[in-house]
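The block underneath contains the structure these notes are about, expressed in structure tokens.
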Amino acid sequence: MKRIAIIGAGCSGLAAIKCCLDEGLEPVCFEREDDIGGLWNYSEIQKVGKGGVYKTCIINTSKEMMSFSDFPPPQEFPMFMPHRLVLKYFRMYADSFGLLQYINFKTSVENIIPASDYDSSGKWRVTFKSENGEIQTGLFDGVLVCTGHHTYPHQPKFEGLETFTGKYMHSHGYKENLEFTGKRVLVVGIGNSAVDIAVDLSHVAAQTYISTRRGAWIISRMGFWGLPADAIANCRFLFKLPISALEWCVEKMANFRFDHEAYGLQPMHRSLQAHPTINDELPYRIMTGAVKIRPDIHHIMKDKVYFTDGTFLEIDAIIFATGFDYKLSFVPECVTKVENNRTELYKYMFPPHLKHPTFALIGLVQAIGSVMPISEMQCRWFTKVIKGECHLPSEEIMIEDTQAKREDMEKMYVKSQRHTLQCFWVHYMDELADQIGVKPDLWKLLFEDPVLAIRCMFGPCVPAQYRLMGPGKWNGAKAAIKGSVQRCLFPTRTNILPKNARGKENNRSYTISIPHHLLTYFVILFSAILFCICIM
């Protein structure tokens, strides 16, 4: 039995363990903390090299779209889960498949190098240190690095920052708002963390400001009829439309919610040329004056921050929500390296120059969608590759593919350190699924189950779609797909009114009160498009 070293026991590491077990491989997971969950395991203590969340953090992908493909989330969980429930879901996943026994807690990986006989065997030598300080080395047939990329804060340089008399910190260290009560706080950045933290601060701070270089399109978690926006957007049909049509729809709907130009957020770029910012409260906090938008910082002098428009503010604290640097300190550059957050990885996974495809990075990708199903799909592919059931192309073809992706990114996205690993969720999931043979054949499905085929084409592209056929087929996939909308809306049905709007008794069950017939997704999608056209 081949032994696979897995570094990290967050969402990617858990998926890696489970995929190895599914394929008859022996997983050996190393986790330097004393628990699973990675950044979703909330801690009051900031640790460099470990991702973290703040006390009020709520995930910005809906529970059905972030779930593992053969483990739907409980229907009683809310559509968008706070970090404690995300961690609970991971615990349920680990317990259900018996994953914990394969994890070595409080064990850090120090070094990964090719074994002395790598050229013939493809094996790796992994050096790790246990809690008592003992250093050991093990030999493994494959390595999966599952450490994530929200671990090392990126701190930009601003003239005069060293003279600032107040407190400044990176968002990586932000935990709660109490210490900023009554203060004037500036948040630098316009990404998800920046806006979430600014909104959180605005409830206690004397005044909260957001400094942004180029603005952003602010997208709500909530879509039409209270359904999750990401479930509506990540659909096969929509991603067969021209990108320009999708951008037009996103921008119309974003501006219908609030005028981005009037609120000081209108960016120069199109809506899909940068990672969208997901937040529901920001427009309201701007409307009430609790949050104010300012341009980029020019320089800092003691307690004053000067902006590029010539204005300045007196500020008590600055929080830099300026992203992260991607680092692999335990992997030598001869294996793979990261420069300015750019990687040379085939399909964001495999170093193309290695003789044997026995080393891969998992989750080192920035999709417009949830990373959990992506990590799982990457692990499914890796296990098939290492077993010899799937094969990688030649080094030349892999390098060409990698370069083509980089060129496409440079054309598509705003130049930024953040946009070096970008992809569209549906496109990338299908690309990997093709490699394994698990991409759903909708024409075949149309003859076998027309209703299900329509759901897969026009409905949410839930991860269970990749368990309908091929290796790893799951008998519960159809039920999971058909019940996804019902599970999303179930926790909202806490007050069933005795009578409906027409005066008739409302005694319908949860199941039939939730849209599930053949035309449901047609109505949602085409109504959305027609609505956008009407408000042009």
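The values are calculated or read from the model by the stated rules, or taken from the named source; none is laboratory data. Please read these numbers as outputs of a predicted model, since none were measured by experiment. Because the Cβ atoms are built from the backbone with ideal geometry, glycine has one as well, and the counts that use them run over all protein chains shown. The protein model used for the area step is the full one, side chains on, heavy atoms only, and it has no ligands, DNA or RNA in it. Shrake-Rupley method; radii C 1.70, N 1.55, O 1.52, S 1.80 Å.
Details
- A count restricted to region 132-149 and to residues that are on the phi < 0 side of the Ramachandran plot and either of a type in the set (D, E, K, R) or surrounded by fewer than 18 Cβ atoms within 10 Å (Cβ to Cβ) (or both) stands at 8.
- Scanning region 235-249 for residues that are aromatic (Phe, Trp, Tyr) and open to solvent by less than 50 Å² (accessible area, probe 1.4 Å) returns 237, 239.
- Hits in region 388-420 (condition: buried (at least 16 other Cβ atoms within 10 Å of the Cβ) and either under 18 Å from residue 337 (Cα atoms) or without any contact (Cβ under 8 Å) to a residue 12 or more places away in the chain (or both)): 398, 402, 405, 418, 419, 420
- The listed residues are 333, 344, and the only one of them that is part of a loop (DSSP other than H, G, I, E, B) and more than 22 Å from residue 140 (Cβ to Cβ) turns out to be 344.
- Qualifying positions in region 310-356 - within 22 Å of residue 432 (Cα to Cα) and free of Cβ contacts under 8 Å to residues at least 60 places away in the same chain: 336, 344, 345, 346, 349, 350, 351, 352, 353, 354
- Residue tally, condition assigned to a loop (DSSP other than H, G, I, E, B), within 17 Å of residue 297 (Cβ to Cβ), open to solvent by 50 Å² or more (accessible area, probe 1.4 Å) and in contact (Cβ under 8 Å) with a residue 12 or more places away in the chain, over region 155-186: 3
- Unmet requirement for residue 408, which otherwise passes all of (1) assigned to a helix (DSSP H, G or I); (2) in contact with a Pro (Cβ under 7 Å, 6 or more places away or on another chain): (2)
- Filtering 459, 472, 476 for residues that are open to solvent by 30 Å² or more (accessible area, probe 1.4 Å) and not β-branched (Val, Ile, Thr) leaves a single hit, 472.
- Pick from region 411-429, criterion touching a Pro at 6+ places or on another chain (Cβ under 9 Å) and under 24 Å from residue 71 (Cβ atoms), ranking: modelled with the lowest pLDDT: 425
- Restricting attention to region 187-232, the residues being over 18 Å from residue 252 (Cα atoms), of a type in the set (Ser, Thr, Tyr) and assigned to a loop (DSSP other than H, G, I, E, B) number 2.
- Tally, over region 250-268, of residues that are open to solvent by 30 Å² or more (accessible area, probe 1.4 Å) and either at positive phi or not acidic (Asp, Glu) (or both): 11
- Number of the condition not met by residue 423 [criteria: (1) open to solvent by 40 Å² or more (accessible area, probe 1.4 Å); (2) under 20 Å from residue 62 (Cβ atoms); (3) not in a helix (DSSP H, G or I)]: (1)
- Those residues of region 1-41 which are open to solvent by 40 Å² or more (accessible area, probe 1.4 Å) and in a strand (DSSP E or B), in sequence order: 3, 26
- Some residue of region 442-462 being at pLDDT 95 or above, under 27 Å from residue 383 (Cβ atoms) and in contact with a Gly (Cβ under 7 Å, 6 or more places away or on another chain): no
- Among the residues listed as 337, 355, the single one being in contact with a Phe, Trp or Tyr (Cβ under 8 Å, 6 or more places away or on another chain), open to solvent by 60 Å² or more (accessible area, probe 1.4 Å), farther than 30 Å from residue 60 by Cβ and of a type outside the set (Phe, Trp, Tyr): 355
- Here the condition is being under 18 Å from residue 226 (Cα atoms) and crowded, with 19+ Cβ neighbours inside 10 Å; of 487, 467, 493, it holds for 487 alone.
- Set 294, 236: member being more than 24 Å from residue 193 (Cβ to Cβ) and among the charged types (D, E, K, R): 236
- Of all the criteria given as (1) open to solvent by less than 30 Å² (accessible area, probe 1.4 Å); (2) within 27 Å of residue 189 (Cα to Cα); (3) in contact (Cβ under 8 Å) with a residue 24 or more places away in the chain, the one not satisfied by residue 376 is (2).
- Residue match in region 462-475 (condition: under 18 Å from residue 233 (Cα atoms) and assigned to a loop (DSSP other than H, G, I, E, B)): yes
- The set of residues in region 117-131 that are surrounded by 17 or more Cβ atoms within 10 Å (Cβ to Cβ) and in a loop (DSSP other than H, G, I, E, B) comprises 122, 123.
- Flag for residue 53 being open to solvent by less than 30 Å² (accessible area, probe 1.4 Å) and under 22 Å from the mean Cα position of the chain (by Cα): yes
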